[in-house]
Amino acid sequence: MAKRGIPEINAGSMADISFLLLIFFLVATSMDIDSGLMRKLPPWVENLDVKPPEVKRRNVFTVLINANNDLLIQGEWGNIKDLRKKVKEFIENPNDDPNMPEKEIKNIPYFGNYPVSKQVISVQNDRGTKYEIYLKVQNEIVAAYNELREELAQKKFGKSYNKLDEDKREAINLIYPQRISEAEPKNIGGRK
C-alpha cells in the first residue's frame, strides 16, 4: 500500500481575508472618546507689564477641594449636591446682597439696560484630589450657568436656550458670562 502525502492547504488568500477583516473591525468598532472640559482660553497678551484688574473679594465665589475630596465652599464645608444651587444664587444675587457680587448696568441687545453680575468662580484643588471629583465640581459650576441661561431664555423668549438663534444666545451669555478661574493645584491637605 502506497502512502499518500498530506494535502496542502492553499493559504494564498488568507492574508487578503485577514486584511479585510482587520479593515472591517477598524471601521465597525466604536472607540471610547476621552471626556474633557470645554474652555475658551483667554486671548494672548503681548504686554505682560499690564496688571490684571482688581477683583473685589465680594465678587469671588471660592471652591476648594482638598486631598480627601472634601469641598470648602465659601469657607464652609460643603457637599457636591449643594454646589450648583449655591453657585446659581451667587451669580444671580437676586436680593442685591452686599456680601454677594456687585452688578453693573450694561446695555444688552434684546434686553436694554440690564444688571450684570461681576462674579468670578474660583476653583482650587489639592494635588491629591481625584480627577473624578474635580470634574464633578466643574460640571456643577457649568450646570449652574446653563440653568440660569435656560431660565432667562424661557422667561424672555419662551424658548429653550439651545433653540434660540445665535444673537439671542450671545445676549444671554453677556448677562451670565461664564467666569471660572482655576488656580494652580496646591497641597491643601485634608480635614482632620
Some residue of the range 51-65 being modelled with pLDDT of 75 or more, more than 14 Å from Leu135 (Cα to Cα) and in contact with a Gly (Cβ under 9 Å, 6 or more places away or on another chain): yes
Taking the condition exposed (fewer than 15 other Cβ atoms within 10 Å of the Cβ), modelled with pLDDT under 85 and more than 30 Å from Ala144 (Cα to Cα), does Lys40 pass? no
Would you be able to tell me the number of residues in the range 87-109 that are aromatic (Phe, Trp, Tyr) and modelled with pLDDT under 95? 0
Candidates Asn93, Asn79 - the one that is without any contact (Cβ under 8 Å) to a residue 40 or more places away in the chain and surrounded by fewer than 16 Cβ atoms within 10 Å (Cβ to Cβ): Asn79
Single match in Lys136, Lys159, Lys118, Lys186 (criterion: out of contact with any Lys or Arg (no Cβ under 8 Å at 6 or more places or on another chain) and either loosely packed, with under 11 Cβ neighbours inside 10 Å or in contact (Cβ under 8 Å) with a residue 40 or more places away in the chain (or both)): Lys136
Do we find that Ile108 is touching a residue at least 40 places away in the same chain (Cβ under 8 Å), among the aliphatic types (A, V, I, L, M), crowded, with 17+ Cβ neighbours inside 10 Å and closer than 28 Å to Ala67 by Cα in this structure? no
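The values are calculated or read from the model by the stated rules, or taken from the named source; none is laboratory data. All of these numbers come straight from a predicted model, not from anything done at the bench. Note that we place each Cβ from the backbone using ideal geometry, even for glycine, and neighbour counts take in every protein chain shown.
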